[in-house]
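The values are calculated or read from the model by the stated rules, or taken from the named source; none is laboratory data. Because the structure is predicted, anything quoted here is derived from the model rather than measured. No Cβ is skipped: glycine too gets one built from the backbone with ideal geometry, and neighbour counts run over all protein chains shown. Side chains included, ligands, DNA and RNA excluded: accessible areas come from the protein's heavy atoms. Shrake-Rupley method; radii C 1.70, N 1.55, O 1.52, S 1.80 Å.
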Amino acid sequence: MPAQKDRWVSSLVFLLFCASSIPKCGSASLQQEPSPQHYFSGLEAGKTSLAFFSPSVSPGAQPFLEHIESSAEALQDYGVSVVKVNCPKEDVSRYCGKENALRKAFLFRGNRLIREFPTDALFDVNSIVANVLFALLFNEVKYVETLADLENIENVLKGKSNMVFAYVPATGTAEHRAVMEAAFVYGTIHQFVLTTEAALLKATSHDDPDVSSAWLLFCHCQQVTEPAQACRRTALAQPLTLLNIHRHLKLMGAPLVTEVAEDPEKISTVHLQLGLPLVFILSQKETQEADRRTAEFVAWQLLGKAGVALLSRDLVELNVLQRSNVALKTPDEGMPIQYLVLEDTDEVITLVEDKNKVKQTQEDEQEEEEEDEDEKENNNQDIQDDQVVEAVSRDKKRELPLEQILVLTEENFHSSLSEAARTVVLFYASWEAVSLAVLRSYSEVAAHLHGTPGVLLSRVNCWDWPGLCSQENVTQFPSLRIYQEGQQSVAYGGMWGTEELSSFILLSQVSCPLKLATMDEAEGYLRGEFPSELSSHHHTSLLGVFSSATSKAREAFEEAGNILSGHVRMGMYFEDDALALSQKYSVSPPALLLARSGGRSMEGIALSGHSVQDMVQMIRYELLDVFPEITVPNLPQYLQLGKPFLILFSAGDISQVESEEMLKLAKGRPQQTFVVCWLNLKKTPVGYGILRTYFSTTPPLPLLLWVNLHAGGQVFKFPSEQSITEMNILSWLEKLQAGLEIPSSTLSEEDWKPPLPAYDFLQMMEPSVPELSPRPGDTPAQHPPKSPGGDAAGGDSGIREEPSQESTAEEVGAPGRGLRGTAPRLAARDKQGKRHSEL
């Protein structure tokens, strides 16, 4: 009976703790103030308030007002009142007179401004509560970005206090709110530390954690006695909710091992009260110290999963077998204690973890049965852009320097195109993850090309101007085009990295091919000195040399240049002295001269008998490196060759000897039938995943493989006992081709395709949105559609929603248990709120 009473008391305390997260009807509401003067005059010292300044009639603010009114009840529990301040038309003060101030909410303590938030960062109740508490708990919750920052905090806390380290993929989510609410309660007991850096989470884990989900680690620093000793870390195994965090912290605060001297049936610990089993290590006087060490070891392994108690046989009469050494008490009422004979501690741990595994499997199966087919389909949709969403979420707090990029609207689009010789336009959607990732690259391109004459970089947010994007036939995001007066726009179809975009824009400045008039111009072109617009472009230069008798080859070369415009640096020389130029490099017209490394390496190739497509294919092939380093951007170019790969995997730069041997092999045969290449795992860590696909685990490096992705998918491993030399490799390849080698693995023949077809975003957008359409030059905040629960997309529901053509559209998406789709619309505005660490 006492055990049952203790359980009821603990449950009551637990429910009281969580009551702050349960809405109370009528307990709080949004306060209204008629003017800023009335609001500021009524502020009291020490009282905190969240204020939103708005005109008396502001249809665009209605979605935000609904969310902030819903948050009033939750914020009241933390001593924060929520106020809507009406702005009279004649008011020109700081908070009402400026347009950008009307798109922000302000947090005051007394009459002192603590923090201002863009309204699109407060997109639902979770984001409002999370961001407000984040600002209030500046000292209680430290934000870190690097492993060094985290270790510095740990070192300060050693021997003094414990630390709660939380990772959330993005701020403003339900998980972020849960951490902040827990910090409000436990911040004076434990030091809370928060990060959104996926790299930091990986650095703190020996495994490969799922960075798309939130994580929480309890760091046991208080009991550390030596500065060099590391703090033990115990992860929260359940989803990151307020209830689970409270439960986890209660378990971490319980004694590691409880020593008992009474009937186990009468024992009740916090573990049993929270629904976890209790493991008894049966001890006796002769082995008590050894049994205590065993109990402590088991307790660390089962921390958060079960409690551990040390039960002395000498003090309690047990009517059980003398050889029994372990007992298990479950939280289920009426279940007898099991007395067991186990061989070692691994069996004890397996006993508990297997029971948890079975229970979890049963719960998962029950949840899956409750899901209908529509929810499953929409949950599949959540996995489409996870890595991009994660990257955007991670970088959300970093402001994009977009000042050098002109914002285009329906009013200024056509007039702006005539302001520069060439106008580069990025069409994107402010709520779409890939667009936001590309926008970061585009901002870096703007900084790199700043001051380049004749080039204007601009952008169009198709969420604000769908009509303009439809008019320009933009059917996918992001899209980049270059406009030149009197000519058809040129669309970009390459990789979205900064270097690739900059190269395309620079190369598009000049004709392709560029017609050269004199021998000096041709020589300067091969050295990379002409034209001046491309002097900073250090890629390979191609020069076609033609005589008057080779007009057919010249026409094919010109057509090839039109196809490769923006991607290749091509020139053409067909003056009377073309023969003298070509003979200087031991070729005869028609010929192609390739100048690598600023003219330090020159190569001549005959062009006779090539069609346009053959010439395009030949030029692309000749531009490829002889012994390339494979990276994510250049891999598609080499895959398109359709040849097997002889690839050397290395943990860093390869040695000079290996490089020379592989280079000799690559140059050994003309028109090599396979691609000789290497991959630096330090620069391209995705290679580790490739090796694990081939061998399950990462084998010793360096490692030379033959991989034929286009025929059979067989992977052959070069013998590790042999040195990597041209002779050894050729001998091995002969055995391989003769069928004398056994493949190490065979890849699946299944096509690698996206899980779903690409979105046609324009079908999801309104052609015009009168209430939310911005004035010319403005980019007002757009609020996502409401979910069936009343909150905006994100927060607890974990769903992806699509704009609809009806103002009260049927929502799309289904609840999910992960964070996919919960991140707020990142970087949708030109300016974001300050980083937490800058406050």
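At-a-glance table
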read-out	value
Candidate set: the range 559-585, residues that are of a type in the set (Ser, Thr, Tyr) and closer than 12 Å to residue 545 by Cβ; chosen: the one surrounded by the most Cβ atoms within 10 Å (Cβ to Cβ)	573
Given (1) without any contact (Cβ under 8 Å) to a residue 12 or more places away in the chain; (2) in contact with a Cys (Cβ under 9 Å, 6 or more places away or on another chain); (3) small (Gly, Ala, Ser), number of the condition residue 148 does not satisfy	(2)
Residue count, the range 477-516 (criterion: at pLDDT below 85 and more than 40 Å from the chain's Cα centre (by Cα))	1
Residue check, residue 679 open to solvent by 40 Å² or more (accessible area, probe 1.4 Å), farther than 30 Å from residue 513 by Cβ and in contact (Cβ under 8 Å) with a residue 24 or more places away in the chain	no
Residue, most open to solvent (accessible area, probe 1.4 Å), within the range 308-348, restricted to residues that are of a type in the set (Lys, Arg) and more than 45 Å from the chain's Cα centre (by Cα)	323
Any hit, the range 146-163, residues being closer than 30 Å to residue 72 by Cβ and open to solvent by less than 30 Å² (accessible area, probe 1.4 Å)	no
Residue match in the range 593-604 (condition: part of a loop (DSSP other than H, G, I, E, B) and buried (at least 17 other Cβ atoms within 10 Å of the Cβ))	no
Identity of the residue in the range 479-505, of a type in the set (Ser, Thr, Tyr) and outside any helix (DSSP H, G or I), that ends up nearest to residue 620 (Cα to Cα)	492
Filter result (under 32 Å from the mean Cα position of the chain (by Cα), open to solvent by less than 20 Å² (accessible area, probe 1.4 Å) and of a type in the set (A, V, I, L, M)) within the range 641-674	646, 647, 648
Any hit, the range 109-122, residues being among the hydrophobic types (A, V, I, L, M, F, W, C) and assigned to a helix (DSSP H, G or I)	yes
Yes/no for residue 305 being at pLDDT below 90 and open to solvent by 10 Å² or more (accessible area, probe 1.4 Å)	yes
Filtered residues of the range 496-531 (kept if of a type in the set (S, T, N, Q), surrounded by fewer than 18 Cβ atoms within 10 Å (Cβ to Cβ) and under 20 Å from residue 454 (Cβ atoms))	511
Residue list for the range 107-124, filter: at pLDDT 80 or above and open to solvent by less than 20 Å² (accessible area, probe 1.4 Å)	107, 108, 110, 117, 118, 122, 123, 124
Conditions (1) crowded, with 21+ Cβ neighbours inside 10 Å; (2) in a strand (DSSP E or B); number of the one not met by residue 176	(2)
Residue within the range 622-630 that is touching a Pro at 6+ places or on another chain (Cβ under 9 Å) and free of Cβ contacts under 8 Å to residues at least 40 places away in the same chain present	no
Verdict on residue 479 being polar (S, T, N, Q) and open to solvent by 10 Å² or more (accessible area, probe 1.4 Å)	yes
Residue in the range 719-727 that is more than 32 Å from the chain's Cα centre (by Cα), closer than 19 Å to residue 629 by Cα, outside any helix (DSSP H, G or I) and not basic (Lys, Arg) present	yes
Evaluation of residue 27 against (1) open to solvent by 90 Å² or more (accessible area, probe 1.4 Å); (2) modelled with pLDDT under 50; (3) over 30 Å from residue 276 (Cα atoms) (one fails), failing number	(1)
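One line per residue, one yes/no per condition, for (1) basic (Lys, Arg); (2) at pLDDT below 85; (3) in contact with a Phe, Trp or Tyr (Cβ under 8 Å, 6 or more places away or on another chain):
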site	(1), (2), (3)
551	no, yes, no
555	no, no, no
564	no, no, no
572	no, no, yes
578	no, yes, yes
588	no, yes, no
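Each row is one residue, and each column tells you yes or no for (1) modelled with pLDDT under 80; (2) surrounded by fewer than 13 Cβ atoms within 10 Å (Cβ to Cβ).
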residue	(1), (2)
33	yes, no
40	no, no
51	no, no
65	yes, no
86	no, no
99	yes, yes
105	no, no
